[in-house]
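Okay, so here's the structure we're looking at.
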Amino acid sequence: MCGIAGLFIKNARLRPDLGALLTAMTSTLGGRGPDSAGFALYTAEDASRVKLTLASSLDGLDMEALGAVLSRSLGVSVPVFRRYTHTIFSVPADEVDTARAWLAKNAPDVRIVSEGVGLEIYKEVGYPDDVAREFDIAGIAGTHGIAHTRMATESAVTTNGAHPFSTGRDQCLVHNGSLSNHASLRRELNRDGIVTETQNDTEIAAGYLTREMRRGRSLGDSLKSSLDDLDGFFTFVVGTRTGFGVLRDPIGCKPAVMAETDDYVGFASEYRSLTCLPGIATARVFEPKPATPYFWEHQG
């Protein structure tokens with residue numbers, strides 16, 4: 001099962017509504033994935049800084065105090081923003097690698113959920129409506145975002161195992177389906193320097209796209225090559241700093257529907273998840289073709 005949704009805002013006046021619209025879209029997918037839920041949103045940017053979204057396996061860890069110690073260690077200000085169980089450290093762009101190494105050494109129980117100039121990922125175990133409410137996803141503005149409701153099939157129901165997965169800066173992916181060759185691909189990706197943290201096959205799909213784009217391929221070309229390299233049934237929705245992509249396997253096994261207007265592009269596993277979007281009655285509604293990459297991108 002699982003449910004996936006995505007929204008790419010074309011008209012800037014809708015950007016304040018991104019989180020609210022994505023929350024409403026995801027709410028209707030709760031029955032497809034009641035185990036956990038996650039949201040990846042591309043929000044306000046400061047090109048001089050990178051946001052590290054963090055989650056800790058230790059209850060009660062004082063993340064504000066940890067951020068203050070990191071600030072002193074780096075010799076620069078690291079603003080800290082808390083949202084439910086996740087915390088964002090805003091790190092100067094030229095200090096990201098140093099900050100990552102410091103966290104790995106001094107805070108091994110803290111996991112980096114995502115890294116990005118614009119990207120923030122929030123995910124937790126629980127019913128999707130509850131997860132969205134606790135993180136106040138409806139209050140987040142942005143340019144585009146993707147979401148997932150999970151019915152676990154191949155790995156444990158944990159925060160780490162929830163989607164979206166991010167394996168590269170400002171890159172993320174949600175997935176409905178199952179990959180049959182994820183074990184061999186995991187070994188291959190690890191040899192190529194792509195670090196994976198879970199047994200979830202979706203993380204392998206995210207890592208595959210990251211590797212291909214590091215090799216110089218565009219997202220569109222990386223999606224095309226995945227049709228030859230990834231075995232199984234899948235629908236992917238992918239986010240990058242500037243864009244939003246969709247791909248279905250060659251059989252088109254998993255459900256997918258899209259709607260496009262002059263104001264937005266919406267994607268969902270079911271049409272009813274699109275009915276909350278403004279102007280849906282006059283939108284161009286279509287089923288994305290199998291084995292055909294779709295991609296929209298903000299310019300500038």
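The values are calculated or read from the model by the stated rules, or taken from the named source; none is laboratory data. Computed from a predicted structure; not experimentally measured. FYI the Cβ positions are ideal-geometry reconstructions off the backbone, even for glycines, and counts take in every protein chain you see.
Take residue 142 and tell me if it is assigned by TED's automatic domain parsing to the domain that holds residue 182, farther than 22 Å from residue 57 by Cα, within 14 Å of the chain's Cα centre (by Cα) and in contact (Cβ under 8 Å) with a residue 60 or more places away in the chain. Answer is yes for this residue.
Which of the following residues is of a type in the set (Gly, Ala, Ser) and either assigned to a strand (DSSP E or B) or farther than 24 Å from residue 276 by Cα (or both): 20, 55?
Values: 20 fails: either assigned to a strand (DSSP E or B) or farther than 24 Å from residue 276 by Cα (or both).
None of the others qualify; the one that does is 55.
Taking the conditions exactly as written (of a type in the set (Asp, Glu), modelled with pLDDT of 95 or more and assigned by TED's automatic domain parsing to the domain that holds residue 16), does residue 260 satisfy them or not? Considered against the rule, which asks whether it is of a type in the set (Asp, Glu), modelled with pLDDT of 95 or more and assigned by TED's automatic domain parsing to the domain that holds residue 16, residue 260 comes out as yes. Within region 138-154, the residues that satisfy the criterion of being crowded, with 24+ Cβ neighbours inside 10 Å and over 13 Å from residue 44 (Cα atoms) are 146, 147, 148, 149, 150. Could you tell me whether any residue of region 148-161 is in a strand (DSSP E or B), farther than 16 Å from residue 205 by Cβ, touching a helix residue (DSSP H, G or I) at 6+ places or on another chain (Cβ under 8 Å) and in contact (Cβ under 8 Å) with a residue 24 or more places away in the chain? Yes, because at least one residue in region 148-161 is in a strand (DSSP E or B), farther than 16 Å from residue 205 by Cβ, touching a helix residue (DSSP H, G or I) at 6+ places or on another chain (Cβ under 8 Å) and in contact (Cβ under 8 Å) with a residue 24 or more places away in the chain.
What are the residues in region 211-225 that are of a type in the set (Ser, Thr, Tyr) and either in a loop (DSSP other than H, G, I, E, B) or surrounded by 20 or more Cβ atoms within 10 Å (Cβ to Cβ) (or both), if any?
So in region 211-225, the residues of a type in the set (Ser, Thr, Tyr) come out as 218, 222, 225.
Listed by number, the residues that qualify are 218, 222.
Scoring residue 46 on the criteria (1) among the charged types (D, E, K, R); (2) outside any strand (DSSP E or B); (3) at pLDDT 95 or above leaves a single failure, condition (3). Against the condition surrounded by fewer than 17 Cβ atoms within 10 Å (Cβ to Cβ) and among the hydrophobic types (A, V, I, L, M, F, W, C), how does residue 285 come out, does it pass? The answer is yes for residue 285.
Take residue 111 and decide whether it is of a type outside the set (Gly, Ala, Ser) and closer than 30 Å to residue 263 by Cβ. When the stated conditions are applied, residue 111 does not pass them. The number of residues in region 242-259 being in contact with a Lys or Arg (Cβ under 8 Å, 6 or more places away or on another chain), under 27 Å from residue 208 (Cβ atoms) and surrounded by 17 or more Cβ atoms within 10 Å (Cβ to Cβ) comes to 3.
Looking across 24, 40, 68, one residue alone is outside the structural domain of residue 144 (by TED's automatic domain parsing) and not acidic (Asp, Glu). It is 68.
Within region 262-300, if we keep just the residues that are out of contact with any Lys or Arg (no Cβ under 7 Å at 6 or more places or on another chain) and among the hydroxyl-bearing types (Ser, Thr, Tyr), the residue that is nearest to residue 5 (Cα to Cα) turns out to be 273.
Taking the residues in region 162-194 that are of a type in the set (Lys, Arg) and without any contact (Cβ under 8 Å) to a residue 60 or more places away in the chain as candidates, determine which candidate is surrounded by the most Cβ atoms within 10 Å (Cβ to Cβ).
Within region 162-194, the first condition is being of a type in the set (Lys, Arg), and the residues that meet it are 169, 186-187, 191.
Now restrict to residues that are without any contact (Cβ under 8 Å) to a residue 60 or more places away in the chain: 186-187, 191.
Details: 186: 19, 187: 10, 191: 8.
In this case the residue turns out to be 186.
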